[in-house]
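For reference, the structure discussed in these notes is given below.
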Amino acid sequence: MSDIRFDRAASGIVTLTFDAPNQPVNTMNASFRASLHEAVERLKVEASDLKGVILTSAKATFFAGGDLKELSQVGSADAGKVFSMVEGLKADLRRLETLGIPVVAAINGSALGGGWEIALACHHRVLLDDPRAKIGLPEVTLGLLPGGGGIVRTVRLLGLEKAMPLLLEGKQLSPKAALEGGLVHALAATPQALLAAAEAWILSHPSSRQVFDDEGYKVPGGTPKQPKLAEMLPVAPAMLLEKTKGCYPAPVAILAAAVESLQISVDAALRVESRYFAQVATSQTARNMISTLFFQLNALKAGENRPEAAAPVKVRRIGVLGAGMMGAGIAYAAAKAGIDVVIKDVDLTAAEKGKQYAEKLLDERLRKGQIDDASKAALLERIKPVDRYEDLAGCELVIEAVFEDRQIKKDVTEKTLAHLAKGAIMASNTSTLPITSLARATTVPANFIGLHFFSPVDKMQLVEIILGSQTSPETVARSFDFVRQIDKIPIIVNDSRGFYTSRVFGAFTQEGIAMLGEGQSPIAIERAALQAGMPVGPLAVSDEVSLRLFSLVRKATEADLAKAGKELPHHPANAVIDRMLNDFGRPGKAAGAGFYEYPKDGKKFIWPKLSSTYRGEPIPFDDMKDRLLFIQALETVRTFEEGVLTSVSDANIGSIFGFGFAPWSGGTLQFINAYGLRAFTERARELSSRYGERFSPPALLIAKAERNEAF
């Protein structure tokens, strides 16, 4: 039993302590499964002479979940092997919960995924009351479903209606929420109290068994045979399809397994769950999502691309220039992380609005019970509104979040630098203007960098760190540390117009607008984006950003290129944008009129005149979906080819968290890998011949396709 310690006390209680050697956390790998089988076999032999069993952990957390490295390497041909593996695990858990003696989980920290499934196989669950501890089944967020009995036991314990959010959304619960939701039975203040509570419960419940194994047990809310639930079930798949757009097999399988499990015995239900698990776990979608949203994301957060030029540091005081929504959001995120923030605007009234924005966010969290009054007051105390540059003295980092105008940014940068100490970092939140050109406003360009946040900052996790041509590795490293300190996800890119995220996002919106100009149905364009896996259609998101901003960025780009004797390549979307602005006066949502109408007392809807203004022969719907995905993937390859991107993980993570590229795909470059380099290149050529040169595969893609070499 290399992963589990078997300790039998004089009281007749056995404690199984999970303690995987040479690992910081316990995972459900082959070694653990073998240890569990050995432990259960021994318990079966000794059960008649035992009082009960306690499951706990020697690690800082209870159990981290399944072995994702193992799952990332399986394909559809391995479904039988995966089915057998998970059936073996579940057989041991089922034997554990039917030993005929009490079984208690003493959960000393987070128990997620497979770890929580182990806890669910216990009769009683006591959780350490630590705010850092989380319990739940987040498998769906990685394209998987709970395969260790999580669906079957959760549905039987809570009923279908209450179980669905936990299973379909992968919600993680705090100790308090887990107790209130009936998933744990008690909380313990200390590790010692945790084990004492587990032992006491065993001694006072000598004939314990799983509640759903009791004869006559009724599932909360009933089964599909009962009229109330039967009436709801036909609607559920349609609602799920509306949410997933058919891109994700896991939620569909979870719903099917949950409903079917209530109509058969526990043991039969566990087998049904295993079949669905094997089907989903060996899908390409699961491999895509595990690769990017687990391995690449965790490596990136751990500093895979961080320069080693400086030791890790923590920022104590920052400045933010501009108290608009972006600046206020940055100030809130920093203050939330315990950093003192000086937020400056043209006058104190404007600066105070930045603090009021933070107060509004805190009031919402207070209403939901996520914080208390003291926490709110402490965070607000860290935000200081000012109207003088002198008040920025002592800031280790200043982030300008002013209007996207080169001269304004130059002015505030020069005035700020006059008051900063040597070595302080000056950062720009620009989304399009090259950092090297903005750094000309400073005499120390090595300390100048781009920190591109995404709106709304309190919800968007990504920060794009942009290097100017003279930005030092130390500045990059310190900026990376700041982004992690405020609990954001950093990607690092080199300088260019639009960098990575804005550039590829622009390609997406332009393609949708170009299709409109060809006479494609605006509704079909939006649906194509949604069914491809994008969170919002290109016309809707263009309205959000503003067509006027698109026009200003284009004109600024044209002016900069003209100085260098170059021209901006023509894009068919430009004529549509100009007409919407100049002929129709419809710049977007903020003006109440864009591609959509925005009634005061109703939902937005496509401007009816669009369909009559732009008419043309419809193209295949699959072409529409591919155009919207391929144009983003191709533009990503071009940024890689040009050296703007240097990391596959930055490309994939940046695409999902920055501009919502279809998460099922694993990101822009993983989308190409999964499609197959050669097949993707051929499809790109086909799209190019039909819709324009912009779909022509870049040289880097062609070379990789010829070698059949993945990104």
Task: Test: residue in the range 235-248 that is within 27 Å of Glu87 (Cβ to Cβ), surrounded by 12 or more Cβ atoms within 10 Å (Cβ to Cβ) and at pLDDT 95 or above - done: yes
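Taking the conditions exactly as written (more than 33 Å from the chain's Cα centre (by Cα), in the same structural domain as Val82 (by TED's automatic domain parsing) and either among the aliphatic types (A, V, I, L, M) or part of a helix (DSSP H, G or I) (or both)), does Arg42 satisfy them or not? Give the steps one after another, and end with the answer.
Working: more than 33 Å from the chain's Cα centre (by Cα): yes; in the same structural domain as Val82 (by TED's automatic domain parsing): yes; either among the aliphatic types (A, V, I, L, M) or part of a helix (DSSP H, G or I) (or both): yes.
The answer is yes for Arg42.
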- [ ] Select from the range 5-28 the residues that are buried (at least 22 other Cβ atoms within 10 Å of the Cβ) and either closer than 17 Å to Val103 by Cα or not assigned by TED's automatic domain parsing to the domain that holds Ile54 (or both) and list them in ascending order.
- [x] Val14, Leu16, Phe18
TODO: Those residues that are in contact (Cβ under 8 Å) with a residue 24 or more places away in the chain, touching a strand residue (DSSP E or B) at 6+ places or on another chain (Cβ under 8 Å) and within 25 Å of Ala532 (Cβ to Cβ), I need them from the range 584-603; list them, please.
DONE: Lys589, Gly594, Phe595, Tyr596
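Please indicate, with yes or no, whether at least one residue in the range 65-75 is in a loop (DSSP other than H, G, I, E, B) and of a type in the set (Ser, Thr, Tyr). Break it down stepwise before answering.
Taking the range 65-75 and keeping what is in a loop (DSSP other than H, G, I, E, B), we get 67, 72-75.
After this cut, where a residue has to be of a type in the set (Ser, Thr, Tyr) as well, the list is 72.
Scanning the range 65-75 turns up at least one residue that is in a loop (DSSP other than H, G, I, E, B) and of a type in the set (Ser, Thr, Tyr).
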- [ ] Please specify each residue of the range 258-285 satisfying the condition of being under 17 Å from Leu157 (Cβ atoms) and either under 29 Å from the mean Cα position of the chain (by Cα) or crowded, with 20+ Cβ neighbours inside 10 Å (or both).
- [x] Ala258, Val259, Ser261, Leu262, Ala269, Leu270, Glu273
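Return the only residue of Ile491, Ile466, Ile525 being assigned by TED's automatic domain parsing to the domain that holds Ile577, crowded, with 22+ Cβ neighbours inside 10 Å and either touching a Gly at 6+ places or on another chain (Cβ under 8 Å) or not charged (D, E, K, R) (or both). So that I can check it myself, show each step before the final result.
Details: Ile491 fails: assigned by TED's automatic domain parsing to the domain that holds Ile577; Ile466 fails: assigned by TED's automatic domain parsing to the domain that holds Ile577.
One residue alone meets the criteria, Ile525.
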Open item on the list: Which of the numbered conditions does Arg94 fail, given that it passes all the others? Conditions: (1) assigned to a helix (DSSP H, G or I); (2) touching a residue at least 40 places away in the same chain (Cβ under 8 Å); (3) over 25 Å from Ser204 (Cα atoms).
Closed with: (3)
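At least 3 residues that are among the small types (Gly, Ala, Ser) and in contact (Cβ under 8 Å) with a residue 40 or more places away in the chain in each: list the helices (runs of 4 or more DSSP H) lying fully within the range 210-279 that qualify. Steps first, answer last, please.
Numbers: elements: 227-232, 236-244, 249-261.
Those helices (runs of 4 or more DSSP H) span 249-261.
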Open item on the list: Of the conditions (1) closer than 17 Å to Lys162 by Cα; (2) surrounded by 20 or more Cβ atoms within 10 Å (Cβ to Cβ); (3) hydrophobic (A, V, I, L, M, F, W, C), Leu194 satisfies every one except a single condition; which number is it?
Closed with: (1)
Open item on the list: If a residue must be buried (at least 19 other Cβ atoms within 10 Å of the Cβ), of a type in the set (A, V, I, L, M, F, W, C) and more than 17 Å from Val644 (Cα to Cα), how many such residues does the range 439-461 contain?
Closed with: 6
Open item on the list: Could you tell me how many of the residues in the range 356-378 are outside any loop (DSSP other than H, G, I, E, B) and under 27 Å from the mean Cα position of the chain (by Cα)?
Closed with: 13
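Which of the following residues is surrounded by fewer than 20 Cβ atoms within 10 Å (Cβ to Cβ) and within 18 Å of Thr432 (Cα to Cα): Glu567, Glu635, Glu617?
After applying the criteria, what remains is Glu567.
Just wondering, is there one or more residues in the range 193-204 that are assigned by TED's automatic domain parsing to the domain that holds Leu120 and either in contact with a helix residue (DSSP H, G or I) (Cβ under 8 Å, 6 or more places away or on another chain) or among the aromatic types (Phe, Trp, Tyr) (or both)?
Of the residues in the range 193-204, the ones assigned by TED's automatic domain parsing to the domain that holds Leu120 are 193-204.
After this cut, where a residue has to be either in contact with a helix residue (DSSP H, G or I) (Cβ under 8 Å, 6 or more places away or on another chain) or among the aromatic types (Phe, Trp, Tyr) (or both) as well, the list is 201.
Looking through the range 193-204, at least one residue is assigned by TED's automatic domain parsing to the domain that holds Leu120 and either in contact with a helix residue (DSSP H, G or I) (Cβ under 8 Å, 6 or more places away or on another chain) or among the aromatic types (Phe, Trp, Tyr) (or both).
Please determine, by comparing only the residues of the range 586-610 that are touching a Leu at 6+ places or on another chain (Cβ under 6 Å) and under 11 Å from Leu539 (Cα atoms), which one is surrounded by the fewest Cβ atoms within 10 Å (Cβ to Cβ).
Filtering the range 586-610 down to residues touching a Leu at 6+ places or on another chain (Cβ under 6 Å) leaves 587-588, 595.
Within this subset, residues satisfying the condition of being under 11 Å from Leu539 (Cα atoms) are 588, 595.
On the way: Gly588: 22, Phe595: 27.
Filtering first and then ranking leaves Gly588.
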Open item on the list: Quick test of your reading of the structure: Ile656 fulfils all but one of (1) aliphatic (A, V, I, L, M); (2) within 21 Å of Thr292 (Cα to Cα); (3) over 28 Å from the mean Cα position of the chain (by Cα). Name the failing condition by number.
Closed with: (3)
Open item on the list: List pairs: first residue in the range 358-384 and surrounded by 11 or more Cβ atoms within 10 Å (Cβ to Cβ), second residue part of a loop (DSSP other than H, G, I, E, B) and of a type outside the set (Val, Ile, Thr) anywhere in the structure, Cβ distance under 6 angstrom, at least six positions apart or on different chains.
Closed with: Leu361/Asp458
TODO: Give the range 49-86 a look and list any residue that's surrounded by 23 or more Cβ atoms within 10 Å (Cβ to Cβ) and without any contact (Cβ under 8 Å) to a residue 12 or more places away in the chain, or say none.
DONE: none
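The values are calculated or read from the model by the stated rules, or taken from the named source; none is laboratory data. Since this is a predicted model, take the numbers as computed values, not measurements. Methodologically, a virtual Cβ is constructed for each residue, glycine included, from the backbone with ideal geometry; neighbour enumeration extends over all protein chains shown.
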